[in-house]
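The values are calculated or read from the model by the stated rules, or taken from the named source; none is laboratory data. Source: prediction; values computed, not measured. Here the Cβ is made from the backbone with ideal geometry for all residues, glycine too, and neighbour counts use every protein chain on show. The protein model used for the area step is the full one, side chains on, heavy atoms only, and it has no ligands, DNA or RNA in it. Shrake-Rupley method; radii C 1.70, N 1.55, O 1.52, S 1.80 Å.
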Amino acid sequence: MKFVDEVTIEVASGRGGRGHVSFRREKFVPRGGPDGGDGGRGGNVIFKTSTRLHSLLDLKIKTKYRAPDGDPGMSQNRSGLDGEDLVILVPPGTLIKDTSGTLVRDLGPDDEFIFLEGGIGGRGNPFYKSSVNQAPGVAQKGMPGKEATIHLELKLLADVGIIGYPNAGKSTLISHVSAAKPKIADYPFTTLVPNLGVVRVSDEANFIIADMPGLIKGAHQGVGLGTRFLKHIERTKCFVHVVDVGGVSERDPVQDFRDINEELKLYDRAHRGHEDFSPLSRRKQIVALNKIDILPEEEVAKITTKFEKFNFEVIPISAATGKNLDKLVQRMGEMVFNGDEEEDYQKNVGKVKGQKVVSKNPVKKIASKKSKAKTSGKKGATQKGTAQKVAAKKGSSKKSSAKKRRT
């Protein structure tokens, strides 16, 4: 299937039907009067998401869409039929933008949005009847529909994104943990489009995983497949960073890991300030050391120790033989369904190159300040209460002494 994630189309809603001019002509009604019906409403243009679609390919083939017009009114006060709504199906995660690039709507799962409303039907000639005009011979025309040229952009909805250098084993991994069947070969850039797969954790829980085309140094500037597919991991909750440690690519796995994380930071810097953009470099991340089946256990232990210095969770795996894939799937499920992992991940932000954490969790600071304020407020309240009690006791003692003097 050809993958299309951007397309420009023209859409138009239907025109309202015209009102009808007619008069009653029954045999025993000599002065029947006007009885023209109203015109029907024009069809709306509706965008609706469908989980069966994963691409905008159909909209690339046909780029002009127009909803049907409303039917004209008829005699005997019969209104015309409304135009049938035009429903355009798109995959979840589709962005609707106008020609200036302004976001109109971000379509989520099971979302339905009336983009253009159809024109209102015209009134029949009874609308113009009055005391001085008993037989009007005019009716309204239907209101015209609306037209627009829009740009549709798809950002895949996935829970986990698989990232890494070309030929690191990402496609092999997704083919073993899900039912996805991506193209697998022993040359770089085998994956040219993102692949989606559903990973089942239990009978009641599953999540969506996305295999991204290989990233290389300079991807944020368009090198390799560049920024074309980096946008598809913007919606993921966490990453599985697959690193080739088998030596097949003849590259330094540690340097590959640093390069990819640096590309995520540079991509964040280039898209800083964009609407609803969440930085990629701050996502939760699992480092999957792939192709350990061709290395001795001592070498795997040494490489694992090197990557553990970056303070990310490291899981040595073999996507080809299936070793430790159950553990990886379990951890991915925990990261997707448990929200308490975010705090632990924030501690690791900025440590890809061994840097120290500069910023800590601001939520805790605010909470601690509030708790201090509450405790100080309680102390102040107790002090005020005790002062009032002491003053009341003094007042009562003075009153009693005054009574004794009078007696």
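Let's see if you can work this out: charge +1 on each Lys and Arg Cβ, -1 on each Asp and Glu Cβ, no other charges. What is the dipole magnitude of region 51-185 about its Cα centre, in debye to the nearest 20?
Values: 16 positive and 15 negative charges, 76 e Å.
Approximately 360 debye in magnitude.
Relative contact order for region 255-339 using alpha-carbon pairs under 8 Å, separation at least 6, rounded to a whole percent? List each step's numbers first, then the result.
On the way: 61 pairs, mean separation 20.0, N = 85.
Rounded, it is 24 percent for region 255-339.
Restrict the search to region 1-81; then list the chymotrypsin sites (Phe, Trp or Tyr not before Pro) that DSSP places in a loop and that have at most 12 other Cβ atoms within 10 Å of their Cβ. Spell out each step's value before the answer.
Values: sites: Phe3, Phe23, Phe28, Phe47, Tyr65; in loops: Phe3, Phe28.
In loop regions of region 1-81 (DSSP not H, G, I, E or B), the sparsely surrounded chymotrypsin sites (Phe, Trp or Tyr not before Pro) are Phe28.
I'd like the distance between the alpha-carbon centres of region 113-150 and region 20-44, rounded to an integer number of Å.
Here the answer is 15 Å between Cα centres.
With a 1.4 Å probe and all protein chains left in place, how much of the accessible area of region 17-164 comes from carbon and sulfur atoms, in whole percent? Walk me through the intermediate numbers first.
Details: 4120 of 8310 Å².
Percent of accessible area from carbon and sulfur atoms in region 17-164: 50.
State the extension gain, in nm to one decimal, for the chain segment bounded by Asp110 and Arg272, taking 0.36 nm per residue of separation less the distance between their alpha-carbons. Before the final figure, lay out each step's value.
Values: separation 162, 0.36 × 162 = 58.32 nm, distance 2.93 nm.
Working it through step by step, the gained length comes to 55.4 nm.
Using a/c under 1.5 as the rounded threshold, could you call region 79-163 rounded, prolate or oblate? The axes a ≥ b ≥ c are square roots of the C-alpha gyration tensor eigenvalues, and prolate needs a/b larger than b/c, oblate otherwise. All intermediate terms of the calculation are to be shown ahead of the outcome.
Details: a/c = 5.32, a/b = 3.43, b/c = 1.55.
Prolate.
Under a point spin-label approximation (7 Å from Cα along Cα-to-Cβ), what is the Arg78-Asp326 distance to one decimal in nm?
About 7.1 nm separates the two model spin labels.
Identify the residues of region 118-153 with backbone N under 16 Å of a label point that sits 7 angstrom from the Cα of Lys97 along the Cα-to-Cβ direction, or state none.
Under 16 Å, as judged by backbone N against the label point of Lys97, lie 149-153 of region 118-153.
Between Asp252 and Val198, what is the FRET efficiency for a Förster distance of 25 Å, r being their Cβ-Cβ separation, to the nearest 0.05?
Values: r = 34 Å, r/R0 = 1.37.
After rounding, the FRET efficiency stands at 0.15.
What FRET efficiency comes out for the pair Ile294/Asn206, r = Cβ-Cβ distance, R0 = 41 Å, nearest 0.05?
Details: r = 31 Å, r/R0 = 0.77.
My answer for the efficiency is 0.85.
Label 7 Å along Cα→Cβ of Gln134; region 32-47 residues with amide nitrogen under 15 Å?
The answer is 32-35.
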